[in-house]
1. Which strands (runs of 3 or more DSSP E) does the range 113-223 wholly contain that include 1 or more residues that are outside the structural domain of residue 253 (by TED's automatic domain parsing) and within 30 Å of residue 95 (Cα to Cα)?
2. Could you list all residues from the range 102-112 that are part of a helix (DSSP H, G or I) and either β-branched (Val, Ile, Thr) or in contact with a Leu (Cβ under 9 Å, 6 or more places away or on another chain) (or both)?
3. Go through the range 307-318 and count every residue that is farther than 20 Å from residue 351 by Cβ, in contact (Cβ under 8 Å) with a residue 24 or more places away in the chain and assigned to a loop (DSSP other than H, G, I, E, B).
4. For the range 216-251: of the residues being charged (D, E, K, R) and in contact (Cβ under 8 Å) with a residue 24 or more places away in the chain, which is surrounded by the fewest Cβ atoms within 10 Å (Cβ to Cβ)?
5. So which of 311, 340, 321 ends up being in the same structural domain as residue 293 (by TED's automatic domain parsing), of a type outside the set (A, V, I, L, M) and under 18 Å from the mean Cα position of the chain (by Cα)?
6. Might you check whether a residue that is touching a His at 6+ places or on another chain (Cβ under 8 Å), buried (at least 19 other Cβ atoms within 10 Å of the Cβ), charged (D, E, K, R) and in contact (Cβ under 8 Å) with a residue 40 or more places away in the chain occurs anywhere in the range 5-13?
7. Restricting to the range 11-68, count the residues that are basic (Lys, Arg) and closer than 20 Å to residue 140 by Cα.
8. Does residue 173 fit the bill of being modelled with pLDDT of 95 or more and either over 15 Å from residue 72 (Cα atoms) or loosely packed, with under 13 Cβ neighbours inside 10 Å (or both)?
Amino acid sequence: MDKGQRNIIFFDDEHRSGLLPLTYNRPIAELRIGIFTIKEKWEKILDGSASHITQEYLSPKYPIKIAKDNLVICGRLLPSEKLLWHINKLHLNEAILFNSQLMAARIDDVQFNRIIANEDVSELDGTDLESMPDAIHLIERPYDIFSLNGEEIVNDLDIIKKHRFSEQIPNSVLTTGNDIFIEKGAVLENCTINSTDGPVYIGANAKVLEGAMIRGPFALCEHAVVKMGAKMYKDTTIGPYSKVGGEISNSVLLGYANKGHDGYLGNSVIGEWCNLGADTNNSNLKNNYDQVKLWNYQTDKFEKSGLQFCGLIMGDHSKCGINTMFNTGTTVGYFCNIYGSGYPRNFIPSFSWGGPSGYQTYQLEKAFDTAERVMIRRDIHLSDLDKNILRQIFEESEKYR
């Protein structure tokens, strides 16, 4: 494939529904795993600019951009060196498959426009990598995000190190190991960092306050804050503009989320604009040590995850009150408000308001009002496009309420 800026187009396949509620309001490739989103990983590795083929109601916010020469990639696909070698060898109208499923293709604008128009197209020449499973890394369910997160932190930091050097570690920081990368503007105050088992990344203008303890692999993205005395265990990512305290292990906060107080979060994925009240805790291990079942939006039933450790999956804009206790393998939908004593149920539909004593529907206009108040604190406005997406999610999720 020719060098130069490449036009990348991600597509959402049939597994998009299996990644709900995290994909209700974003294409798959906008999910964060490691330091970057999937989109950002590919843009940096391929020196390209990306757009999406996604759900119709998301398209106005995420419009597709077609060039004369397009690299089309499955949105669930994570980069690997072996896969990158095959992608760079693609010629026009050639494709890479895995077990007969399309992973990537190089398509010109004529062929692409025919695809969009539902017209006959020339058959692509495909190479199936079924004999090279180690080249294909896919996310299929929300728990894949925390399961693969440690490895992706390592891979993403390798990308960063190719382009710049770390800032100096402040003298007040107690360190073990030497795999620590600090971006410009980051502030670290009398904290402890252990990178013996994996790297620690501190993003631009992020803060780690005094008494915090961090063990890698760990990523703190730009403008995020680790509060005083917090305990951050390995394989954890704190997304941009998030604030965290208490104890967090093997979890991913996508961004703009707060877990600012004591309490435990483990083996979990938390969407954007979420807030966990003080002393919120989640279980990530069943008392009988059996594998955890989790709600699957693709099949509309609870299914075994194959994991012994699996905690909380929470969609964007959801919040919970103080002392909330989440059972092992709990899925909270989009825009929920959870409160009350006792354990909430293991699947809470989107736009639910309540707790163990019962739920009512979180009315759309109230949701708009709350979102506007929360987002304006970060100088971000809830746009008409966002409101249209909210309306669609409200309607799409009604069958679960």
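1. 125-128
2. If the condition is that a residue be part of a helix (DSSP H, G or I) and either β-branched (Val, Ile, Thr) or in contact with a Leu (Cβ under 9 Å, 6 or more places away or on another chain) (or both), then 110, 111 are the ones that fit.
3. Our first condition is that a residue be farther than 20 Å from residue 351 by Cβ; within the range 307-318, this holds for 307-311.
Cutting the leftovers down to in contact (Cβ under 8 Å) with a residue 24 or more places away in the chain gives us 307, 309-311.
Okay, now just the ones that are also assigned to a loop (DSSP other than H, G, I, E, B), so 307, 310-311.
Summing the residues that are farther than 20 Å from residue 351 by Cβ, in contact (Cβ under 8 Å) with a residue 24 or more places away in the chain and assigned to a loop (DSSP other than H, G, I, E, B) in the range 307-318 gives 3.
4. Within the range 216-251, the subset charged (D, E, K, R) is 222, 227, 231, 234-235, 243, 247.
Within this subset, residues satisfying the condition of being in contact (Cβ under 8 Å) with a residue 24 or more places away in the chain are 222, 227, 234-235.
On the way: 222: 17, 227: 19, 234: 19, 235: 25.
Ranking the candidates gives 222 first.
5. Working: 340 fails: under 18 Å from the mean Cα position of the chain (by Cα); 321 fails: under 18 Å from the mean Cα position of the chain (by Cα).
Result: 311 is the single residue among 311, 340, 321 that is in the same structural domain as residue 293 (by TED's automatic domain parsing), of a type outside the set (A, V, I, L, M) and under 18 Å from the mean Cα position of the chain (by Cα).
6. Yes: the range 5-13 contains one or more residues that are touching a His at 6+ places or on another chain (Cβ under 8 Å), buried (at least 19 other Cβ atoms within 10 Å of the Cβ), charged (D, E, K, R) and in contact (Cβ under 8 Å) with a residue 40 or more places away in the chain.
7. Taking the range 11-68 and keeping what is basic (Lys, Arg), we get 16, 26, 32, 39, 41, 44, 61, 65, 68.
Restricting the remaining residues to those that are closer than 20 Å to residue 140 by Cα gives 16, 26, 32, 39, 41.
Summing the residues that are basic (Lys, Arg) and closer than 20 Å to residue 140 by Cα in the range 11-68 gives 5.
8. Working: modelled with pLDDT of 95 or more: yes; either over 15 Å from residue 72 (Cα atoms) or loosely packed, with under 13 Cβ neighbours inside 10 Å (or both): yes.
Yes.
The values are calculated or read from the model by the stated rules, or taken from the named source; none is laboratory data. All values derive from a computational prediction rather than experimental measurement. With ideal geometry, Cβ positions are generated from the backbone for all residues, glycine too; neighbour counts draw on all protein chains shown.
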